[in-house]
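Inspection log for the structure reproduced underneath, given as structure tokens.
No value in this document is a laboratory result; all are computed from the given coordinates. Because the structure is a prediction, the values reported are computed rather than measured. As a convention, Cβ positions derive from the backbone with ideal geometry for all residues, glycine included, and neighbour counts pool all protein chains shown.
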Amino acid sequence: MSAAEPATEVDDEKFLARLKAFEGRTVGAPTEGPDAVNQAMIRHWVEAMGDENPVYVDEQAARANGFPGIIAPPTMLQAWIMRGYKATAELAEARAEGRRAVGASPADDLMHVLDEGGFTSVVATNCEQEYRRSVVLGDRLSVSSSIESVSTEKQTGLGIGHFITTVLAFTDAAGEPVATMRFRILKFRPGTGKSTAALSGPPTAGSEEPRPLRPRPALTHDNAFFFDGARQQKLLVQRCASCGILRHPPRPACAVCRSFEWDTLEASGRGTVYSYVVVHHPQVAAFDYPLPVAVVELEEGTRLVADLVGIEPDAVEIGMPVVVTFVAVDDELTLPMFGPAPA
Ligand SMILES: [Zn+2]
């Protein structure tokens, strides 16, 4: 792991100065999207996303909702200016061969510097969008991008790396601003994350090292009831208070009738294995392996993902009857898991 060997302080400062030199740099000339905003691309997008909002496909519905006509889904913003598969493949090929591609931008150069520094892994961390107006059919969008900031070296859960924030300013054919998108990525050194020690396997018996806790669920006011219920040995399923349909995982609104009103139903805990996997890798120290995980179809009709317990991984079968059991995995967290139903 030579890339992760500690560099001298002077080297670190030089490297950071190289990165910081990219701040404020424009990523090439403003680029016009290859196609005008069009119904065909929108239709493919909303079908793929399962988004049935009529304002994206129905002129009348769009006008009835106060828009000047059919609008593009806000999340499609970047789709209108993407350079396409061919250009992206050429860039990747050039990078793999260590040469600068025709049309490479300062952002590509920055990636190259980070790759050289051993920060070869990448993950998108967040994206913020601001709209001045909706994007409508026929719009011809152009984008100007600039590198807003490159962070100092940070230790993150994934690894040691640098956050890079790029700002994309979208304008229409008249040069008027339409939207801004701020996109942040983390370029990090693989194998330097906080959980790396865990990857070498669970601590052996008698080890000084305490076993790490399971990852905490991200609790919200929509899903807290589920975990509170589990602590009370109850398997609670969210139910629309308007139309009565069950839904899981919990979310704010009913996908059928759009109601925000809901209550819960206590499920019997009986179900069948709808599908399953047996996880062998990657291994995280909080879990035991091989780890069978199932999509359980409850007899009430909803499905949920849960660990299987008390079953040999080889013995799991699709359709097998299972029953819930509540496992206190630590002092704070109790989870519903499923074991074989008594014959
Ligand atoms: Zn409903």
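Volume per residue, Å³, of the convex hull around the alpha-carbon atoms of region 1-148?
On the way: hull volume 22.2 nm³, N = 148.
It is 150 Å³ per residue.
Run the numbers for residue 51 and residue 116: contour at 0.36 nm per residue of separation, minus the present Cα-Cα distance, in nm. Mind dumping the intermediate values first?
Details: separation 65, 0.36 × 65 = 23.40 nm, distance 4.13 nm.
Between residue 51 and residue 116, full extension yields an extra 19.3 nm.
Where the eigenvalues come from the Cα gyration tensor of region 65-154, what are the semi-axes √(5λ) of the equivalent ellipsoid, largest first, in whole Å?
On the way: eigenvalues 204, 61, 22 Å².
Working from the Cα gyration tensor, I get semi-axes of 32, 17, 11 Å.
Using a simple spin-label model with points 7 Å from Cα along the Cα→Cβ vector, what separation in nm is obtained for residue 223 and residue 44?
Roughly 3.2 nm, to one decimal.
What does the charge dipole of the chain about its Cα centre add up to, to the nearest 20 debye, if the Cβ of each Lys and Arg holds +1 and the Cβ of each Asp and Glu holds -1?
For this selection, approximately 540 debye.
Quick check: pseudo-label points 7 Å beyond the Cα along Cα→Cβ at residue 325 and residue 18, how many nm apart are they?
Distance between label points: 5.6 nm.
In units of 2.2 N^0.38 Å, what is the alpha-carbon radius of gyration of region 196-342?
1.15
Please name whichever of 92, 177, 342 sits farthest to the positive end of the charge dipole of the chain, dipole taken about the Cα centre and charges placed at Cβ: Lys and Arg +1, Asp and Glu -1.
177
Consider a paramagnetic label point 7 Å from the Cα of residue 144 along Cα→Cβ; state which residues of region 116-133 have an amide N under 14 Å from it.
Within reach of a label on residue 144: no residues.
If you check each cysteine of the chain for another cysteine whose beta-carbon is under 4.7 Å away, which ones come up empty?
Lone cysteines by the Cβ rule: 127.
Test of understanding: what is the full-extension gain from residue 268 to residue 97, defined as 0.36 nm times their sequence separation minus their Cα-Cα distance?
Details: separation 171, 0.36 × 171 = 61.56 nm, distance 5.87 nm.
Contour length minus the Cα-Cα distance gives 55.7 nm.
What percent of all Cα-Cα pairs in the chain falls in each 20 Å bin, counting up from 0?
21, 44, 34, 1
Kindly count the pairs of lysines across the chain whose alpha carbons are less than 25 Å apart, treating pairs on different chains or eight or more residues apart as eligible.
Details: 14/154; 14/187; 20/154; 20/187; 86/187; 154/187; 154/194.
Eligible lysine pairs with Cα atoms under 25 Å apart amount to 7.
May I ask you to derive the FRET efficiency for residue 232 and residue 261 from their Cβ-Cβ distance with R0 = 22 Å, giving the value to the nearest 0.05?
Details: r = 23 Å, r/R0 = 1.05.
Here the calculated transfer efficiency is 0.45.
Region 253-325: which trypsin sites (Lys or Arg not before Pro) are DSSP loop and have at most 12 other beta-carbon atoms within 10 angstrom? All intermediate terms of the calculation are to be shown ahead of the outcome.
Working: sites: 258, 270, 303; in loops: 258.
Of the trypsin sites (Lys or Arg not before Pro), the ones in loops of region 253-325 whose Cβ has at most 12 other Cβ atoms within 10 Å are 258.
Which residues in region 112-155 place their backbone N less than 11 Å from a point set 7 Å from the Cα of residue 25 along the Cα-to-Cβ direction?
112-114, 147
State the extension gain, in nm to one decimal, for the chain segment bounded by residue 61 and residue 78, taking 0.36 nm per residue of separation less the distance between their alpha-carbons. Working shown, then result.
Details: separation 17, 0.36 × 17 = 6.12 nm, distance 2.44 nm.
Full extension of this stretch gives 3.7 nm more.
Where in region 63-142 are there GluC sites (Glu not before Pro) that are in a DSSP coil and have at most 10 other Cβ atoms within 10 angstrom of their Cβ? Don't jump to the answer; show the numbers that get you there.
Details: sites: 90, 93, 97, 116, 128, 130; in loops: 97.
Filter output for region 63-142: 97.
What whole-number distance in Å separates the alpha-carbon centres of region 157-191 and region 296-311?
Here the answer is 39 Å between Cα centres.
Find, among the GluC sites (Glu not before Pro) in region 37-84, those assigned to loop by DSSP (not H, G, I, E, B) with at most 12 other beta-carbon atoms within 10 angstrom.
Working: sites: 47, 52, 59; in loops: 52.
In loop regions of region 37-84 (DSSP not H, G, I, E or B), the sparsely surrounded GluC sites (Glu not before Pro) are 52.
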